[in-house]
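See structure below.
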Amino acid sequence: MFKVSFFGAAQEVTGSCYLIEDGKTKFLIDCGIFQCPGFCNERSRENFPFDPRSLAAMVVSHAHIDHTGRIPKLVNDGFSGSIYSSLPTRDLAELMLKDSVGVLTKEARNRNESLLYNEDDVDRAMARWEGLEYGAAFRIGAFEITLYRAGHILGSSMVFVRHGDRSLLFSGDFGNPNNPLLTREEKLPPFQVLAIDSTYGDRIHESIEERTLKLERAIERSVMHSGVLMIPAFSLERTQEIIWEISGMLKKKQIPGIPIFVDSPLAIAATTIYQKYYRYLQRAATEEKSFSFLRAPLVRFTRTTEESKQINTVSSPKIIIAGSGMSTGGRILHHERRYLPDPKSTILFIGYQAPGSLGRMIQDGADTVTIMGDTIPVRCHREVIDGYSAHVDQEDIMDFVREHSDTLQKVLAVHGEPKAVLTLVQKIRDYLAIDAIAPKYGETVEV
């Protein structure tokens, strides 16, 4: 018997942090920052509700900052154990954490606060970090841990925890099965308790055909109106997925050839890591053994500020893919300030927009928004494609739970807003007759 306590992403989406303990050994799964409003919510600065010095180790499911962003703080507060993840996650996490220092510095300066961590703190965390292959079991005290492909982003992992005759599967951020680049692990050992990603526990995604058609039409609309197609995109997975999809459309001559700009230094650096670990992209590598994200047709990577400014001199129509994915920072803000007032242009949302984020305000129909202190009217066309989500939807969650119902005794719905997790919990109880709960922050569950 062991326990899991929830100190983030419990009836909310950000701040993932789960404490596992058996009375002798304690370790964490993930330690992310709380986000929105802003990149770093002030809750991220609070003391941990446990002693970091008491932790034997930490396991990281994937590199997104809401799963890794407080790791340097954890080390500064006394954590001295090992950190484990997949090999690609280690590389991507280092990139993401070092990039986050710049954003955190700006926010700290604007709020007149101390910096949460600096690049030296990131280096100290990375010195403790070990990258592992999928399927390679390792031990933390009496716990046996194994990482399996989650299909969310490159290197993302489900975390299987075995302790005696009891076992728990943390899905981590669980990948959409329609992801064109990645596949999920199909053969898993039996487990009694499942902690499942419930971001979209109350809705169904569009089909592959529908999402592809919507993207094609958004591009065609921009061409027809000589407008700009703005795509706020997360640097990990979504940017690479869109490059892959648009390249396929160009290859099949489904869309006209227009300039495509990837205007995000972080996304460009992440794309280099995607290329390095191309063999991990099981679905993509099967379809295109020699595809290069970095040499995709008509795609221009704008690394410097000067190159980014030059995008403005390129005549429309054009496509601009830029971070951040929720418009909470990054170069997308400059493009939104310029093109949101333009009725000929389109802003296309292809990922989750957290409540309070600028992206969510635009998506929900705001007539005006504030960007860099200026009031900007929103007159452009707005489009949302849910099918590109890197998370599972309700239907796929139910299928996964049903598939493992022979041994499954309890489902813990995590990483979702209250409506999503509570809807999912009720559906699992009603349709599958399996005990399901939505833990709140600070609650503890016995496994």
* Structure fact -> Between ARG53 and THR313, the FRET efficiency computed from the C-beta separation at R0 = 60 Å comes out, to the nearest 0.05, as 0.65
* Asked: Using the per-residue mean of other Cβ atoms lying within 10 Å as a proxy for protection, in what order, highest first, do the peptides 251-263, 70-82, 9-21, 130-142 fall?
  -> 9-21, 70-82, 251-263, 130-142
* **Label-point gap, in nm, between GLN192 and ASP406 - each point 7 angstrom along Cα→Cβ** => 1.8
* Tell me, what ³J(HN,Hα) does each residue in the stretch 287-296 have, in order and in whole Hz, if you take phi through Karplus 6.51 cos²θ - 1.76 cosθ + 1.60 with θ = phi - 60° and put x for Gly and Pro? -> 7, 9, 5, 10, 5, 10, 4, 7, 10, 5
* Of the listed peptides 86-96, 104-114, what is their order by residue-averaged count of other C-beta atoms within 10 Å, with the highest listed first? -> 86-96, 104-114
* Asked: Suppose every K and R has +1 on its Cβ and every D and E has -1 on its Cβ; what is the size of the dipole of the stretch 163-268 about the Cα centre, in Debye to the nearest 20?
  -> 320
* Asked: To the nearest 500 deg cm²/dmol, what mean residue ellipticity at 222 nm is calculated for the chain from DSSP H runs of n ≥ 4 alone, each contributing -39,500 (n - 2.57), summed and divided by the residues?
  -> -9000 deg cm²/dmol
* Structure fact -> Farthest towards the positive end of the dipole of the chain, among VAL161, PHE7, ASN178 and with Cβ unit charges of +1 on Lys and Arg and -1 on Asp and Glu, lies the Cα of ASN178
* Gain in length, ALA285 to GLU443, computed as 0.36 nm per residue apart minus the alpha-carbon separation, to one decimal in nm? -> 52.7 nm
* When ranked by the protection proxy of mean other Cβ atoms within 10 Å per residue, highest first, what sequence do the peptides 323-329, 273-279 form? -> 323-329, 273-279
* **Square roots of 5 times each gyration tensor eigenvalue, C-alpha, the stretch 352-447, largest first, Å** => 37, 16, 9
* Asked: If you wrap a convex hull around the C-alpha atoms of the stretch 139-210 and split its volume per residue, what is the figure in Å³?
  -> 97
* With only Lys, Arg, Asp and Glu charged, each at its Cβ (+1 for the first two, -1 for the last two), find how big the charge dipole of the chain is about the Cα centre; round to the nearest 20 debye. => 940
* Surface/4 estimate of mean projected area, convex hull on alpha-carbon atoms of the stretch 208-388, nm² -> 9.8
* Structure fact -> Rounded to the nearest Å, the spacing of the alpha-carbon centers of the stretch 345-369 and the stretch 274-312 is 26
* Mind sorting THR199, THR146 by how few other Cβ atoms lie within 10 Å of their own Cβ, fewest first? => THR146, THR199
* Asked: Fewest first, what order do TYR84, TYR117 take by the number of other Cβ atoms within 10 Å?
  -> TYR117, TYR84
* To do: Could you tell me the distance between the Cα centroids of the stretch 1-80 and the stretch 183-233, to the nearest Å?
  => 27
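Read-outs throughout are calculated quantities, based only on the coordinates presented, and are distinct from any laboratory measurement. Given the structure is predicted, the values throughout are model-derived calculations rather than measurements. Virtual Cβ from ideal backbone geometry, glycine too; neighbours counted across all protein chains shown.
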